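See below for the structure under consideration.
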Amino acid sequence: MTLKTAVPDLLREFPELKAPCDKEFYYYGDEVPDAYPVFSTILRPAAFAAIDRQDEVAIRRFLDFYERVAADPDDDVNALTHIELIEQLANDPRRLQLAWPYMGEHTREQARVYARESKRQFGKEVWLPE
């Protein structure tokens, strides 16, 4: 995966997100929208809605996808998960607790790194459900 292929990969994995993506990013025309805005305005809200509904099948689908992104050797790609999922979940303890059992090794490690960095840089404690 690359930043250029992240959105097509996402939409292949989640075809149900194509219509909301097309509606939100209509101004791109036939061009593929950038990964960060799609991950923040389409993917994350869909994943959070699944977490809020406690839809185990959907949560697993979303978090398995995020895990593959987080495991990508390209730092630009795996940063998508860190920035567009982990930083948001880490500041929402209820959702983080619900999501944690479905998170993989790489997404959990990103959460641990975020917690350490938040404490070191800002003196902010981030609760993790370990």
Listed highest first by mean packing, meaning other Cβ atoms within 10 Å per residue, what order do 70-77, 56-63 come in? 56-63, 70-77
Rounded to the nearest 0.05, what FRET efficiency do Glu109 and Glu24 give with R0 = 30 Å and r taken as the Cβ-Cβ distance? Could you check? 0.45
Taking the chain as the reference, fit the longest principal axis to its C-alpha atoms, fit the long axis of helix 56-70 to the helix C-alpha atoms, and give the angle between the two in degrees, 0 to 90, nearest 10. 90
So between Arg94 and Phe122, what do we pick up on full extension, going 0.36 nm a residue minus the alpha carbon distance? 7.9 nm
Got a sec? How would Lys23, Lys18 order by Cβ neighbour count within 10 Å, fewest to most? Lys23, Lys18
Any idea what log10 I(q)/I(0) is at q = 0.15, 0.18 Å⁻¹ for the range 1-88, Debye with uniform C-alpha scatterers and no solvent? -0.51, -0.75
Taking Cα atoms, how many degrees apart are the long axis of helix 3-13 and the longest axis of the chain, rounded to 10 and kept between 0 and 90? 80
With charges set only on the Cβ (+1 for Lys and Arg, -1 for Asp and Glu), what does the dipole of the chain come to about its Cα centre, in debye to the nearest 20? 480
Tell me, what is the percent relative contact order of the chain, built from C-alpha pairs under 8 Å that lie six or more residues apart? 22
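Read the figures in this text as sums done on the coordinates, not as results from a lab. For clarity, every value in this text was computed on a predicted model and none was experimentally measured. Here Cβ is always computed from backbone atoms with ideal geometry, including for glycine, and neighbour counts include all displayed protein chains.
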